[in-house]
Amino acid sequence: MKVDFGRKILNIKELAVMCGGKIAGEWDEESLTTPVCSVCTDSREASVGTCFAAIRGAKVDGHDYIARAGAGGCVCAIAERIPENAAALPLIVVEDTVKALGRLAGEYTRDSRAKKVAVTGSVGKTTTKEFIAAVLGASRKVYRTEGNFNSVIGMPLSLLAMPEDAEFAVFEMGMGAAGDVRQMTLAARPDVAVITNIGTAHMEFLGSRENIAKAKLEIAEGLKPDGVLLLCGGEPLLSGVYKTDKRARYFSADDLTADYRASCIRNDTAGTVFDAYCRGRVICDLEIPVIGKHNVAAAISAVAVGLTLGIDEEAIRRGLAAYHTVGLRQNIMAVGKYTVIADCYNASPESMRAACDVLGAVAGRTGGRRLALLGDMLELGEQSPEFHRTIGEYFARSGVDRIFTFGRRAEAIADGAAVIYADFAKDKILRQPDISNENAELLAKRINDEIKAGDVLLVKASRGVAAERVIEALRRLAVCGN
């Protein structure tokens, strides 16, 4: 990862102070006032004026590449130790490089005029971030986290790249372990913090939904004293937060007690229309170009953020209508004479159920059959088999006509569906446990042989499965007419 500083350019001495490090060795004043214009974490991205952050990873230690970074033009490095092969460049020694990046980002943006929004949650973070950015960006200059810059490494880099003229900034905060969200929110110091939901993603590492809720609530620790904490309504693990934190507000697509909630939700040819009830204020006939209750919840959170930060109703309306999906998230496309819902960026039991509901809605419009290619859900821990089985049951009960499973964990999805399909299971389920490229092609051919004009195929799996390979193969088959 590499970013250019979005605001003022620092020198080495200023950078060391901001990240809380000490410069090793003896250097003259001219050397320490050398300009630093960017930060990278990969020595292959080194260039003139760059600071290299040496990070210890599970497989690679960045300290072993400091010399390479120096040869590439880096003017300094942030490091936890001084390696023997270090280049002849200033080393800023810190206790923890990742934490030093967070501190640097926080200090660097401390006086920024931009109002900042932080988004975390088990699922729906990117969708919610994009809805919020669309609402804020309809009338003002907005900056947001791009791609995978949502980790304890990526988010501080994204913060460092925030431009001087940004009026609003929206940052996504993912999580690999307890403490990650705390580290990011203390760097960002948001004016508004959003928790999309508490699900089962990361169960493998945190053990329970209660622990996941605690880890997500860390986002409030960096929230400004006069800020607003927006929480998903209807979640028992968050329902009492308002008693201890007066900054808490609730949003929901269906919880009638929420401060911001949707009502009269209906689908039309372009997406979804709903009314928003916002703490005594009603905004009617808001439109979003996607379907599904989970998308309505994300849109409601964006309405809440917009109103909190002073965005007028018309701009909110324009922003919601201008929203568009990102990458492999619920991307609805025509492939030949049928429809594919590509939703294979990530998967959890919660997002699987939401995707199933979207499949039903889209098929209801086309009048075609509902088919689902379902892959492994990762990072679910010991309960993974049971989670997969219950998803199979959910899809079968919803009336899905055909289920294709992709991956070894996903075989439990087939097991769950088989219980509901009973005597029809052999006709309705096809298993493919091996996710090799060859088997992705074979699975695509099998689907292509069975799918009919007007049918709708959902493709949903965790990112590690790379289920989009099946979609790519289907598109090739459609072009060839096979």
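So how strong a dipole does segment 11-111 carry about its Cα centre when Lys and Arg Cβ are +1 and Asp and Glu Cβ are -1, to the nearest 20 debye? Let's see the in-between values first.
Values: 10 positive and 15 negative charges, 68 e Å.
Computed about the Cα centre, the dipole is about 320 debye.
Calculate how many DSSP beta bridges within the chain are antiparallel, expressed in % of all such bridges and rounded to the nearest 5. Each step should come with its number before you reach the end.
Values: 25 of 75 bridges.
Around 35 percent antiparallel, to the nearest 5.
What are the ³J(HN,Hα) values, in whole Hz, obtained from phi via the Karplus relation 6.51 cos²θ - 1.76 cosθ + 1.60 with θ = phi - 60°, for each residue of segment 103-117 in sequence order, with x given for Gly and Pro?
With the stated coefficients, segment 103-117 comes to 5, 4, 4, x, 5, 5, 9, 4, 9, 5, 7, 5, 7, 10, 10 Hz.
Using the Cα centre of the chain as the reference point, and only Cβ charges (+1 on K/R, -1 on D/E), how large is the resulting charge dipole? Debye, rounded to the nearest 20.
Rounded to the nearest 20 debye, it is 920 debye.
Counting pairs of alpha carbon atoms under 8 Å apart in space and at least six apart in sequence, what relative contact order in percent does segment 304-361 give?
On the way: 32 pairs, mean separation 11.5, N = 58.
In percent, rounded to a whole number, it is 20.
How much area per residue is accessible in segment 322-474 when the probe is 1.4 Å and only protein heavy atoms are counted (Å²)? List each step's numbers first, then the result.
Numbers: 6390 Å² over 153 residues.
Per residue, segment 322-474 has an accessible area of 42 Å².
When only Cα pairs under 8 Å and 6 or more residues apart are kept, what is the percent relative contact order across segment 70-124? Before the final figure, lay out each step's value.
On the way: 36 pairs, mean separation 14.1, N = 55.
The normalised contact order for segment 70-124 reaches 26 percent.
Rounded to the nearest 0.05, what FRET efficiency do Ala425 and Ile265 have when you use their Cβ-Cβ distance and R0 = 35 Å?
0.55
May I ask you to give the percent of accessible area on segment 391-482 that is carbon plus sulfur, with a probe radius of 1.4 Å? Could you put the intermediate results ahead of the total?
On the way: 2030 of 4320 Å².
Looking at segment 391-482 in its full context, I get 47 percent from C and S.
How much of the accessible area of segment 70-220, probe 1.4 Å, is carbon plus sulfur, in whole percent?
47 percent
Starting from 0.36 nm per residue, how many nanometres of slack lie between Met333 and Gln383 once their C-alpha separation is accounted for?
14.7 nm
Let me have the 222 nm mean residue ellipticity of the chain computed from DSSP H runs of 4+ only, each contributing -39500 (n - 2.57), with the sum over all residues rounded to the nearest 500.
-10500 deg cm²/dmol
How big is D for segment 55-195, in µm² s⁻¹ as a whole number, if Stokes-Einstein is applied with the Kirkwood radius of its Cα pairs at 20 °C and 1.002 mPa s?
D = 133 µm²/s.
Given all pairs of different Cα atoms, what value in angstroms does the Kirkwood hydrodynamic radius of segment 148-260 take? Intermediate values should be presented prior to the final figure.
Values: mean 1/r = 0.0680 Å⁻¹.
Taking the inverse mean of 1/r over all distinct Cα pairs, segment 148-260 comes out at 14.7 Å.
Rank-order 284-294, 163-173 by packing density, defined as the average count of other C-beta atoms within 10 Å over each peptide's residues, highest first. Kindly include the intermediate steps, with their values, before the conclusion.
Working: 284-294: 19.0, 163-173: 21.9.
In decreasing order of mean packing, 284-294, 163-173 become 163-173, 284-294.
For segment 194-314, what is the per residue volume of the convex hull drawn over the alpha-carbon atoms, in cubic angstrom?
113 Å³
Given a 1.4 angstrom probe, what's the average accessible area per residue across segment 1-54, in square angstrom?
Value returned for segment 1-54: 49 Å² of accessible area per residue.
Compute the acute angle (0 to 90°) between the alpha-carbon long axis of helix 349-366 and the principal axis of greatest extent of the alpha-carbon atoms of the chain; round to the nearest 10°.
On a 0 to 90 degree scale, this one is about 50.
Cut-off under 18 Å on the C-alpha distance; same-chain residues fewer than 8 positions from Lys426 excluded. Which lysines are left, in chain and number order?
By straight Cα distance, Lys426 reaches no lysines at all.
Can you pull a Stokes-Einstein diffusion coefficient for the chain at 10 °C (1.306 mPa s), Rh from Kirkwood over Cα pairs, as a whole number of µm²/s?
Estimated via Stokes-Einstein, D reaches 66 µm²/s.
Which order do Arg56, Arg408 take by accessible area at a 1.4 Å probe, largest first?
From most accessible down to least: Arg408, Arg56.
Expressed as an acute angle from 0 to 90° and rounded to the nearest 10, what is the orientation of the C-alpha long axis of helix 293-308 relative to the principal long axis of the chain?
Approximately 40 degrees, to the nearest ten.
Near the amide H of Asn11, under 5 Å away, which other amide H atoms are found, from residues 5 or more places off or on another chain, if H is placed in the peptide plane?
Close amide H contacts, sequence-distant or interchain: Val36.
Which order, highest average first, do 193-201, 413-421 follow once you tally other Cβ atoms within 10 Å for each residue and take the mean per peptide? All intermediate terms of the calculation are to be shown ahead of the outcome.
On the way: 193-201: 26.1, 413-421: 21.6.
The densest-packed peptide leads the list: 193-201, 413-421.
Please compute the length gained on full extension between Val273 and Asp4, using 0.36 nm multiplied by the number of residues separating them and subtracting their Cα-Cα distance.
Computed gain between Val273 and Asp4 is 92.8 nm.
With labels modelled as points extended 7 Å from the Cα through the Cβ direction, what inter-label distance (nm, one decimal) is found for Asp401 paired with Ser139?
Between Asp401 and Ser139, the simple spin-label model gives 4.7 nm.
Farthest toward the dipole's positive end in segment 106-241, which of Gly207, Phe149, Val228, given Cβ charges of +1 (Lys, Arg) and -1 (Asp, Glu) about the Cα centre?
So the residue we want is Val228.
To the nearest 10 square angstrom, how much accessible area does Lys460 have with a 1.4 angstrom probe?
Its heavy atoms expose roughly 10 Å² to the probe.
With an 8 Å Cα cut-off and a minimum separation of 6 or more residues, compute the relative contact order for segment 133-282 in percent.
Values: 242 pairs, mean separation 21.8, N = 150.
After rounding, I find 15 percent.
Report the accessible area of Asp357, computed with a 1.4 Å probe over the heavy atoms of all protein chains in place, in Å² rounded to the nearest 10.
Around 90 Å² of this residue is reachable by solvent.
For Phe5, what accessible surface area do you get with a 1.4 Å probe? Give it in Å², rounded to 10.
Phe5 has an accessible surface of roughly 20 Å² with all protein chains in place.
Under 16 Å between alpha carbons, and skipping anything fewer than 8 positions from Lys59 in its own chain: which aspartates and glutamates qualify?
Asp42
Determine the per residue accessible area of segment 180-251 with all protein chains present and a 1.4 angstrom probe, expressed in square angstrom.
Per-residue accessible area for segment 180-251 comes out at 39 Å².
Quick one: which residues, 5 or more positions from Ala166 or on another chain, have an amide H under 5 Å from its amide H? H modelled 1.01 Å from N in the peptide plane, none for Pro or chain starts.
Long-range HN contacts for Ala166: none found.
The values are calculated or read from the model by the stated rules, or taken from the named source; none is laboratory data. Given the structure is predicted, the values throughout are model-derived calculations rather than measurements. With ideal geometry, Cβ positions are generated from the backbone for all residues, glycine too; neighbour counts draw on all protein chains shown. Each accessible area value is taken on the protein alone, full model and side chains, heavy atoms only, with ligands, DNA and RNA left out. Shrake-Rupley method; radii C 1.70, N 1.55, O 1.52, S 1.80 Å.
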